[in-house]
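Peer 1: Supplied in structure tokens, the structure appears directly below.
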Amino acid sequence: MEVLAGQKHKHLEFTLVAVSELSSSSVPPSSTPVIARFSVDSGVAELRFRQDSGFIDGFNVNLGTAQLFKLGPLKSLCISGSSDSNKEKSYARGVTILFRNEEESRDFHSAFEQWQNEDVTQGTHLPNGAISDVKSKFDNKIEPSSAKMYFHYYGQLLHQQNMLQDYVRTGTYYAAVIENRADFTGRVVVDVGAGSGILSLFAAQAGAKHVYAIEASEMAEYARKLIAGNPSLGQRITVIKGKVEEVELPEKADILISEPMGTLLVNERMLESYIIARDRFLVPKRKMFPSVGRIHMAPFSDEYLFVEIANKALFWQQQNYYGVDLTALHGSAFQGYFSQPVVDAFDPRLLVSPPMSHVIDFNEAKEEDLYEIDIPLKFVASVGTRVHGLACWFDVLFNGSTVQRWLTTAPGAPTTHWYQIRCVLSQPIYVMAGQEITGRLHMVAHNSQSYTIYLTLSAKMWGPGAEQGGIIQSSSCKLDLKEPYYRMSQPQPYTTAQDQQPHQLLQPQDIPIHTDDLEEPKLLQQPLENSGAQLQ
């Protein structure tokens, strides 16, 4: 390593084994060493490479738009914007760097960061449409403490194992990819929030030309190990540690694959990153796995659950708790318990009416559409009972060219690690069979990577003269999706009331996608009933 500094000029040099374009199959060693040179030219920090007596053409790196990733102890990947003025060739490019030893690799990475921090220019337009700034779009909308806990959670193998052992989830993804090999063979794939790298490996199994696995947590290191342990597939996978809002790729991709779904589909707000990745990395004629998500909702009646939640607040009715009267806090505790959505698996016979659905088309949705979701509710009660709240679940569609496959979290279907979610009213409403239930589900995103839920359910007049009447009962609640009550018991064997007809198993295809909800005509060319035979 050589350092020269002066009043007008300064530079820093490293001796390397070799450099090559990322598109090359390998980095061939050379008898002549390559010199990497950090320097400043006209106020712009650059990294250039020279061999023998001259600089290597086309290998100039603008540190203002560059990123450096470690691929191994002696191998790194430098990604930067192309200086070509031709817009069709303005994508990022990658240079693979091979070092002589680990110490020089560490020194190079340290120097790269120092020079970048010193001379990087803020506000520069990057090749894939992003803008370099001190804070990324993710950082501007998410509280740092929430992001820290989020990435710490997903950086642990035990949580990855929990998801991998959800065989409904993992098996459906595997089938969706392998059964649609025609979509993956010879294509460039981006895996958003790659985690352990399992979806990247599936894509490589399906014949992907190259897969870029983007993971922001420490799980990226585990993903590298797992992928290195599968060399026949791993040679076509590059793990990039960073957020999709910030990283750059050396080429555009044909397919986006991800598992961005949280509780109630939208919890954790990863769907927004999925949409950002779509806009930044994909070519116009692209595929997204999954491509459509639907939130399903129906009112439910569950006296056991209501009493269970209400009884939690009984502690605060004690008038002599070590000489202290706790009753002043009973009302607040009662409302606090009902502000927690309940996550569990429940018997579909608890549903009071057939469900309705809200469709999110990932191909067309804008990031801003997910900041606030407003869903008008309208149901017709199938039975006379007390309505205790709104039950919700979701499904997603993998719209492959060969096979359409659904992943569902519906009650009565095989249980997933998402379970279902129920919003419980502190004041139930009474309905008769045939009575109309209306309301509103309003979800507002907040900076803790979740949503505040505002739910209102109302019972309209029923019987003679109902057309001239209005609302006769109404109940509302406010819940925090970030703080659910995990009630991990299996569905109870509820008895069916005499006037209640048990609902059939809710399959995702039971609720059709209407053209008013979804503007993708290709999804409607094949009847959704066909997908039932493909669900296992």
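The values are calculated or read from the model by the stated rules, or taken from the named source; none is laboratory data. As the structure is a computational prediction, the values presented were derived from the model and not from experiment. All Cβ positions, glycine included, derive from the backbone under ideal geometry; neighbour counts span all protein chains shown. These area figures cover heavy atoms from the full protein model, side chains too; ligands, DNA and RNA do not enter into them. Shrake-Rupley method; radii C 1.70, N 1.55, O 1.52, S 1.80 Å.
Peer 1: How large is ³J(HN,Hα), in whole Hz, for each residue of the stretch 370-385 in order, when computed from phi with the Karplus curve 6.51 cos²θ - 1.76 cosθ + 1.60 and θ = phi - 60°, using x for Gly and Pro?
Peer 2: In residue order, the calculated couplings are 8, 5, 8, 10, 10, 10, x, 10, 7, 9, 10, 5, 8, 9, x, 6 Hz.
Peer 1: What three numbers, in Å, describe the spread of the alpha carbons of the stretch 389-458 along their principal axes, ordered from the longest?
Peer 2: Result for the stretch 389-458: principal-axis Cα extents of 47, 39, 21 Å.
Peer 1: May I pose another question? Can you pull the Rg over Rh of the stretch 140-296, Cα-only, Kirkwood?
Peer 2: Working: Rg = 14.6 Å, Rh = 15.7 Å.
Result: Rg/Rh = 0.93.
Peer 1: Compute the length gained on full extension between Lys478 and Glu218: take 0.36 nm times their separation in residues and subtract their Cα-Cα distance, giving the result in nm to one decimal. Please list the in-between numbers first.
Peer 2: Details: separation 260, 0.36 × 260 = 93.60 nm, distance 3.48 nm.
Net length gain for the segment: 90.1 nm.
Peer 1: A further question on this structure: Students often get this wrong, so check it: of Lys243/Lys287; Lys141/Lys378; Lys75/Lys243; Lys148/Lys252; Lys366/Lys460, which have C-alpha atoms separated by over 31 Å? Kindly include the intermediate steps, with their values, before the conclusion.
Peer 2: Details: Lys243/Lys287 21 Å; Lys141/Lys378 33 Å; Lys75/Lys243 21 Å; Lys148/Lys252 29 Å; Lys366/Lys460 35 Å.
Violating the 31 Å limit, Cα to Cα: Lys141/Lys378; Lys366/Lys460.
Peer 1: Report the Cα centroid-to-centroid distance between the stretch 295-370 and the stretch 398-456 in angstrom, as an integer.
Peer 2: That distance is 12 Å.
Peer 1: Follow-up question, since we're still on this one. Enumerate by residue number the GluC sites (Glu not before Pro) in the stretch 352-388 meeting two conditions: DSSP loop (anything except H, G, I, E, B), and at most 16 other Cβ atoms within 10 Å of the site's Cβ.
Peer 2: Working: sites: Glu364, Glu367, Glu368, Glu372; in loops: Glu364.
For GluC sites (Glu not before Pro) across the stretch 352-388 that sit outside H, G, I, E and B with at most 16 neighbouring Cβ atoms in 10 Å, the list reads Glu364.
Peer 1: Can you give me the long-range amide H partners of Leu74? Hydrogens built in the peptide plane at 1.01 Å from N, cutoff under 5 Å, separation of 5 or more residues or another chain.
Peer 2: Residues meeting the amide H criterion: none.
Peer 1: What is the distance, in nm, between label points placed 7 Å from the Cα along the Cα-to-Cβ direction at Glu113 and at Met163?
Peer 2: Using points 7 Å along Cα→Cβ, the separation is 2.6 nm.
Peer 1: What ranking, highest mean first, results for peptides 378-386, 144-152, 435-443 when packing means the other Cβ atoms within 10 Å averaged over each residue? If you can, show how the numbers build up before the last one.
Peer 2: On the way: 378-386: 17.9, 144-152: 13.7, 435-443: 19.6.
Taking the mean over residues of other Cβ atoms within 10 Å, the ranking is 435-443, 378-386, 144-152.
Peer 1: Excluding ligands, DNA and RNA, what is the solvent-accessible area per residue of the stretch 294-486 at a probe of 1.4 Å, expressed in Å²? Write out the running numbers ahead of the final one.
Peer 2: Values: 7870 Å² over 193 residues.
Accessible area per residue, the stretch 294-486: 41 Å².
Peer 1: Still on this model: Need one number: % antiparallel among DSSP beta bridges in the stretch 188-321, to the nearest 5.
Peer 2: On the way: 1 of 19 bridges.
Expressed as a percentage, antiparallel bridges in the stretch 188-321 total about 5.
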